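First up is the structure itself, then whatever we jot down about it.
The values are calculated or read from the model by the stated rules, or taken from the named source; none is laboratory data. What you see is a predicted model, and the numbers here were worked out from it, not measured in a lab. Cβ sites come from the backbone with ideal geometry, for glycine too, and all protein chains shown count toward neighbours. Please note that ligands, DNA and RNA were not included when accessible areas were found on the heavy atoms of the full protein model with its side chains. Shrake-Rupley method; radii C 1.70, N 1.55, O 1.52, S 1.80 Å.
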Amino acid sequence: MKAHHYLSIIVRLFSVFLFLYALGQTGLIVEAALHGTIKGIVVSAWLPAFLSIPWLVVSAILWFFPMSIAKKIVPLESDTTPSNLSPISILAVLLTAMSVYFLYYAVVDTLYWITFWNMLQHSSNGGYPIELNPENKATMYSNALELFSALVILFNSKRIAARLHSVG
């Protein structure tokens, strides 16, 4: 297989990740359409649709056109047949790609919780009250664990791949 074939497989996997992410966001559309609110805050049904439908569209484009996208990313001059990779190396590459994907979302969530914490420290009781309830604390802890796990997998992908390969 050539380099763009490998990349097209990764593009398709990424489209599946995006689809699953967008699927999780569609619950907000249903809640806004049925109740007119999201977690008690009155919103238009267009807001969650605007936030989740583009992910579905991008996912569909990546799924149906992976070779075209791969050929745009990998120049044809460098499209030589790569040397045979060992299963451990392939697994290490996949683990690295997966950890970068999860690291992205962990960093975004961390920025959200830092902003939330800053708003909590500087908020007055006017407007929408901000409080640190047990659900928020649990989400902060799970986000810290997600960030830590993604970094551990990213920096130890070869070691983890070798251990996974030896188990199987």
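Which one of these does VAL16 not meet: (1) more than 23 Å from ILE90 (Cα to Cα); (2) modelled with pLDDT of 75 or more; (3) loosely packed, with under 15 Cβ neighbours inside 10 Å?
(1)
For the stretch 61-102, how many residues meet the condition of being of a type in the set (A, V, I, L, M), open to solvent by less than 70 Å² (accessible area, probe 1.4 Å), farther than 15 Å from ALA161 by Cβ and modelled with pLDDT of 85 or more?
Final tally of qualifying residues: 2.
Find the residue count for the stretch 103-141, including only residues that are open to solvent by 80 Å² or more (accessible area, probe 1.4 Å) and modelled with pLDDT of 75 or more.
Result for the stretch 103-141: 10.
Which of the following residues is closer than 17 Å to TYR101 by Cα, modelled with pLDDT under 80 and surrounded by 15 or more Cβ atoms within 10 Å (Cβ to Cβ): VAL11, VAL43, VAL58?
The unique qualifying residue is VAL11.
Just the residues that are open to solvent by less than 100 Å² (accessible area, probe 1.4 Å), under 30 Å from ILE114 (Cα atoms) and aliphatic (A, V, I, L, M), please, taken from the stretch 142-168.
ALA144, LEU147, ALA150, LEU151, VAL152, ILE153, LEU154, listed by residue number.
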